[in-house]
Amino acid sequence: MKLSEFRYLLPKSLIAKFPADPRDTARMMVLNKESGECTDTVFSNIFKHLHRGDCIVLNQTKVFPARLYGKKEKTNAKIEVMLLRELKSDERIWDVLVEPARKVRIGNKIYFDNNKFYCEVIDNTTSRGRTVRFSFDGNLFKVIQRIGEMPLPEYIKREPNEHDKETYQCVFANDDCLASIAPPTAGIHITKEMMKQFETNGIRVAKVTLNIGQGIFEEIEVEDLTKHRMYSEYFEITRESAEIINKSLKAKKKVIAVGASVARAIESSVLTSGSVKPNKGWTDKFIYPPYDFKIVSKLITNFHPPASPSLLLSAAFSGKENIFRAYKRAIKNEYRFLAYGDAMLIE
């Protein structure tokens, strides 16, 4: 499988603008992976595609205000620091992205919050990536919550505000899973009312965690997909969640993954018996065609950019020709792409 097969035009006009209410009713394309047929509807009609005993699986990770602005020692140059993941909590060591990267070298210190604390660069990881150590005693996350900005995508052309700390989240995000720099965007379509309706309709709900990090910035650059390496992300599937999923599998019901992150977490935790095992750790699982999904029966996803791992996962689930057909239809019918975009159900 070659990367060039998955490149297509993404008109800028189709990138979703930030809506007044991010959970405004979105359009939804339904793609039948057996027939290749595509139909157009709205996301609120999702219940027509779910049945009693099915299990919908959600990623409960929560976005934290990961974008900090500080000043470089001596020069006072303004430096943007995007926190990606905490590597060693006891030592306050983090993976970050910095901008402008050319000004940030090993040994430099960047001061925050009116010089109350700083981070020191201890390693270079990529052209923009750095490993830093924070000089802070106490709960660093509390300070980050106060001084940080929500890491909205660059294509959303406005400054972040306090309201984003609530709206750039899924309604089912867990405060104890505050560790992502982006929400699982497919989950943003789900409202609190829908969460209640799942229960009313006898649809099981299982929650897993996969902390979304630098992988959202990834653009696959190698033509040979077997040589691409994913950015590792922490995930966890509790015993309770595994049992909920397995009940539906045992009853021969459908397991619906809400987003590529959920599909990756589940498919990283498959037993030889074809069930899900409780698991936690780091996954760099890269799913691309051809791939035999062991657990996921249906996939809810957004429309993704070219050369992205999420697009490749969708293609692996639906079939390459089907995803090409669906994306051509999405462009023709002006579906919105990317975060705050429209949804696709592949079944």
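Every read-out reported here was derived from the displayed coordinates using simple, explicitly stated rules and does not represent laboratory data. Predicted model only: the values in this text are computed from it and were never measured. Here the Cβ positions follow ideal geometry from the backbone for every residue, glycine too, while neighbour counts run over all protein chains shown.
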Please list, in order along region 60-70, the HN-Hα scalar couplings obtained from phi with the Karplus expression 6.51 cos²θ - 1.76 cosθ + 1.60 (θ = phi - 60°), rounded to whole Hz, x for Gly and Pro. 8, 4, 10, 7, 10, x, 7, 9, 10, 10, x
Can you compute the charge dipole magnitude of the chain about its Cα centre, using +1 on each Lys and Arg Cβ and -1 on each Asp and Glu Cβ, nothing else charged? Give it in debye, rounded to the nearest 20. 120
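So what's the net charge close to LYS332: Lys and Arg +1, Asp and Glu -1, counting the other residues with Cβ under 12 Å from its Cβ? It would help to have the intermediate numbers written out before the result.
Numbers: positive: ARG325, LYS328, ARG329; negative: ASP40, GLU334.
Here the count lands on +1.
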Would you pull out the residues with amide H under 5 Å of LEU87's amide H, same chain only if 5 or more places away, H placed 1.01 Å from N? ILE93, TRP94, ASP95
Across 5 Å bins from 0, what is the distribution of all Cα-Cα pair distances for region 215-322, in whole percents? 2, 12, 22, 24, 20, 12, 6, 2, 0
Karplus-derived 3J(HN,Hα), 6.51/-1.76/1.60, for each residue of region 232-244, Hz, glycine and proline x: 5, 10, 6, 9, 8, 10, 6, 4, 4, 5, 4, 5, 5
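Counting each DSSP H run of 4 or more residues in the chain as -39500 (n - 2.57), what helix-only mean residue ellipticity at 222 nm follows after dividing by all residues, to the nearest 500 deg cm²/dmol?
Details: 7 runs with 64 residues, N = 347.
Computed ellipticity for the chain at 222 nm equals -5000 deg cm²/dmol.
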Enumerate lysine pairs in region 67-147 that are 8 or more residues apart or on different chains, then count those whose Cα atoms are under 19 Å apart. 15
For region 67-147, the percent of all C-alpha pairs falling in each 10 Å bin, from 0 up to the bin holding the max distance, is 19, 60, 21, 0
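Working out 0.36 nm times the residue gap between GLU159 and GLU219, then minus their Cα-Cα distance, what length gain in nm do you get to one decimal? The partial results should precede the final answer.
Working: separation 60, 0.36 × 60 = 21.60 nm, distance 2.47 nm.
Working it through step by step, the gained length comes to 19.1 nm.
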In terms of modelled amide H atoms, which long-range or inter-chain residues lie less than 5 Å from the amide H of LEU178? LYS62
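By DSSP, what percent of the beta bridges with both residues in region 185-307 are antiparallel, rounded to the nearest 5? Don't jump to the answer; show the numbers that get you there.
Working: 8 of 11 bridges.
In region 185-307, DSSP labels about 75 percent of beta bridges as antiparallel.
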Using the Karplus curve 6.51 cos²θ - 1.76 cosθ + 1.60 with θ = phi - 60°, what ³J(HN,Hα) values do you get for each residue of region 212-229, in whole Hz, with x for Gly and Pro? 7, x, 4, x, 5, 8, 5, 10, 5, 10, 8, 5, 8, 5, 5, 9, 7, 10
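Using 0.36 nm per residue of separation minus the Cα-Cα distance, give me the extension gain between THR200 and THR125 in nm, one decimal.
Numbers: separation 75, 0.36 × 75 = 27.00 nm, distance 4.85 nm.
So the extension gain works out to 22.2 nm.
Considering only the chain, what is the antiparallel percent among its DSSP beta bridges, to the nearest 5? Mind showing how you got there, number by number?
Values: 47 of 65 bridges.
The antiparallel fraction comes to roughly 70 percent.
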